[in-house]
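Below is one structure; the comments refer to it alone.
The values are calculated or read from the model by the stated rules, or taken from the named source; none is laboratory data. It should be emphasised that the depicted structure is a prediction, and the values quoted were computed from it without experimental measurement. Quick reminder, even Gly has a Cβ in these numbers, built from the backbone with ideal geometry, and neighbours come from all protein chains shown. Areas reflect the complete protein model, heavy atoms only, side chains present, ligands, DNA and RNA absent. Shrake-Rupley method; radii C 1.70, N 1.55, O 1.52, S 1.80 Å.
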Amino acid sequence: MKLWGGRFSKQAAKILDEFNASLPFDKELYIEDIEGSIAHSQMLAKQGIITNEDAKKIKEGLLKIKKEIENNEFKWDISDEDIHMAIEKRLIELIGDTGKKLHTARSRNDQVAVDFRRWVLKRNLDFSKKIKELIEVFVNIAKENINTIMPGMTHLQHAQPISFAYHMLAYASMFKRDYERFMESYKRNNKNPLGCAALAGTPHPIDRNETTKALGFDEPSVNCLDTVSDRDFALEILFNISMLMMHASRISEELVLWSTSEFAFITLSDEYSTGSSIMPQKKNPDVPELIRGKTGRAYGNLIALLTVMKGLPLAYNKDTQEDKEGVFDSVKNALISIEILKETLKTMKINKENMYKACKKGHLTATDLADYLVKKGIPFREAHHITGRAVALAESKGVDLSDLSLDELKSIDARIDKDVDLSLENSMNSRKSFGGTAPESVKKQIEYFENFLKEINDKN
Ligand code: ARG
């Protein structure tokens, strides 16, 4: 008989059990469910709703169930529907009638909201930790490459010389925002649903502050009707993961490009590359490709839950049972993606000479010549035009602009003098404006990220 079977005279159809059940996947929530039930029963005892003796028995029973699950001794039965009922039924088997008191002043609606919310909150913290480690890797690579010059691009065309450090710190900036997003979601959603009961609260003299403290929430949620149907916490982590994966996908795309023979800016380590089953010579960047691919899947999970939630009337609807699998999937895939991205970056070889050589294609210091002429008092538009002619001369000679001799430059415009310096180094080193690519500016950025990392480390 089902725990809710009182008003039914026929057993549920077998296919209904299968269709209705979340047990195959919400098992994942067993720890949160047991902790939530212990906190609830302790509070009930403290408030005189059940006896201390009852609470003690319930706690012992629940801890025994936890062991059974962890030792693979727990008998999963799909007709129990979900983790909440599976555990409650087992509790009643173990401790008898006392077990039937556990669900006083509670509903599965607030129960699942507590369990799933706490599971998601913990994952927000897991992500923040993983992201912190990833940022550390970007900063470490940056520290080694302040003077490593590479072509900075726009439209994937050579634009201006930048340092590889600078490029790495662009990613550190993105992932710092991700870190903050996960932490902000944690803070915003750290509210206790327990005691909301089915939708309207309860007539029992419960103390929601008590379970709030016991479960590590900041405060009880304010409106029960909202709380039992609120899945913003799940949507937020799905969005945070989507954004995180979008950033991971962007660096992945660059890793794929950079490891081609056309670019050859990096060599991925054997440990994080794969071979081809037919072409013996191949070394493939499967890791960044998979990260790029899993990003699509993460977006799908976000859109799926947004779609589930749209149009749901208040309060709880069974539709929301569809909230879990996508979240579990996104969390699992994103955590492993960030971990393996970190290792891939740590172990890749940076081919500095190739980066430098690439800068000799595309006249990367053209803007510098224009800026030089502006400093000589020539209006920018005119300077732009003169520079264009210098680029055309270099093209006709088959050399890079930075390799034209002073005489050749003078033949374009006599105002170009021996103080002109179109070297890649001069170009990069001169971009000292705040947030620019010059070494002194990059050093400040490194310091900024190191302070950020230190602050996080000090807090933990
Ligand atoms: N398995 C359900 C879920 O995941 C638990 C809540 C069920 N509540 C209910 N009133 N049927 O959403």
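With +1 on the Cβ of every Lys and Arg and -1 on the Cβ of every Asp and Glu, and nothing else charged, how large is the dipole of the chain about its Cα centre, in debye rounded to the nearest 20? Kindly include the intermediate steps, with their values, before the conclusion.
Numbers: 67 positive and 70 negative charges, 80 e Å.
Here the size comes out at about 380 debye.
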Checklist entry - lysines near residue 10 by alpha-carbon distance under 19 Å, same-chain residues fewer than 8 away left out - which ones? => result 2
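Evaluate the charge dipole of the stretch 158-255 about its Cα centre and quote only its size in Debye, nearest 20, assuming +1 on the Cβ of each Lys and Arg and -1 on the Cβ of each Asp and Glu. Can you show the working numbers first?
Working: 10 positive and 13 negative charges, 26 e Å.
Around 120 debye, computed over the stretch 158-255.
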Checklist outcome for this item: Of the candidates 244, 168, 190, the farthest towards the positive dipole end of the stretch 160-310 (Lys/Arg Cβ +1, Asp/Glu Cβ -1, centred on the Cα centre) is 244
Checklist entry - Cross-link list 64/89; 130/352; 66/132; 132/332; 143/418; 56/187: which exceed 23 angstrom alpha carbon to alpha carbon? => result 130/352; 66/132; 143/418; 56/187
Checklist outcome for this item: As a percent rounded to 5, the proportion of antiparallel DSSP bridges among beta bridges in the chain is 80 percent
Item to check | Sulfur and carbon atoms: percent of accessible area, the stretch 114-173 [1.4 Å] | outcome: 49 percent
Checklist entry - So, in Å, what gap is there between the alpha-carbon centers of the stretch 328-371 and the stretch 222-265? => result 19 Å
Next on the checklist: Can you return the lysines within cross-link range of residue 191? Criterion is Cα-Cα under 20 Å, with same-chain partners fewer than 8 residues away left out.
Outcome noted: 122, 213, 324
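What whole-number value in cubic angstrom gives the convex hull volume per residue for the C-alpha atoms of the stretch 362-422?
Values: hull volume 4.0 nm³, N = 61.
Residue-normalised Cα hull volume stands at 66 Å³.
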Checklist entry - Per-residue ellipticity at 222 nm for the chain, helices alone: DSSP H runs ≥ 4 residues times -39500 (n - 2.57), over residue total, nearest 500 deg cm²/dmol? => result -20000 deg cm²/dmol
Checklist entry - Based on the Cα atoms of the stretch 388-460, what semi-axes does the equivalent ellipsoid have, where each is the square root of 5 times one gyration tensor eigenvalue, given in whole Å with the largest first? => result 42, 12, 8
Checklist entry - What's the center-to-center distance, using Cα atoms, between the stretch 102-164 and the stretch 391-440 in Å? => result 39 Å
Checklist entry - For the stretch 108-358, what class follows from the C-alpha gyration tensor (a ≥ b ≥ c being the square roots of its eigenvalues): rounded when a/c is under 1.5, otherwise prolate if a/b is larger than b/c, else oblate? => result prolate
Item to check | Cα gyration tensor shape for the chain, rounded if a/c is under 1.5, else prolate or oblate | outcome: prolate
Checklist entry - Counting Lys and Arg as +1 and Asp and Glu as -1, each charge on the Cβ, what is the dipole of the stretch 253-383 about the Cα centre in debye, to the nearest 20? => result 420 debye
Checklist entry - Sorted by average packing, counted as other Cβ atoms within 10 angstrom per residue and highest first, what order do 175-181, 257-263 take? => result 175-181, 257-263
Next on the checklist: Taking a ≥ b ≥ c as the square roots of the Cα gyration tensor eigenvalues, with a/c under 1.5 meaning rounded and otherwise prolate when a/b beats b/c, else oblate, which class fits the stretch 1-135?
Outcome noted: oblate
Next on the checklist: For residue 283, give me every one of the aspartates and glutamates with a C-alpha distance below 13 angstrom, ignoring sequence neighbours fewer than eight places off in its own chain.
Outcome noted: 270, 271
